[in-house]
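The values are calculated or read from the model by the stated rules, or taken from the named source; none is laboratory data. As the structure is a computational prediction, the values presented were derived from the model and not from experiment. Glycine also receives a Cβ, built like all others from the backbone with ideal geometry; neighbour counts cover every protein chain displayed. Just the protein is used for accessible areas: all its heavy atoms, side chains included, with ligands, DNA and RNA removed. Shrake-Rupley method; radii C 1.70, N 1.55, O 1.52, S 1.80 Å.
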Amino acid sequence: MILRINGEEKSFSEEITTVEKLLDVLGIKPQRAAVEINRNIVSPELFEHTRLHDNDRVEIVSFVGGG
């Protein structure tokens, strides 16, 4: 599967079926992420149900705590 993530094309050997799976593979905690697919914002409650397709454009912003 090929996805364009934050403007960079990435190829995955395994099928990445959902946003939740993608975040897991990338090591990003879902509760600390905002995700947009093909210019549509995905609500965090829908990460586990939102399907990804070959050539989707995904933008991910992850929030980092600090002081």
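Residues of the stretch 1-39 with an amide N closer than 15 Å to a point placed 7 Å from the Cα of R51 along the Cα-to-Cβ direction: 15-21. Carbon-plus-sulfur accessible fraction, the chain (probe radius 1.4 Å, protein heavy atoms only): 46%.
Projecting the Cα atoms of S43, I2, S62 onto the charge dipole of the chain, computed from C-beta unit charges around the Cα centre, puts S62 farthest toward the positive end. The HN-Hα couplings worked out from phi for the stretch 39-45 by the Karplus form 6.51 cos²θ - 1.76 cosθ + 1.60 (θ = phi - 60°) are 6, 10, 6, 9, 5, x, 5 Hz, whole numbers, x standing for Gly and Pro.
Other residues whose C-beta falls under 12 angstrom from the C-beta of V25 contribute a net charge of -2, scoring Lys and Arg +1 and Asp and Glu -1. In terms of overall dimensions, the C-alpha atoms belonging to the chain reach 38, 22, 22 Å along their principal axes, ordered largest to smallest. The residues of the chain expose, per residue, 70 Å² of accessible area to a 1.4 Å probe.
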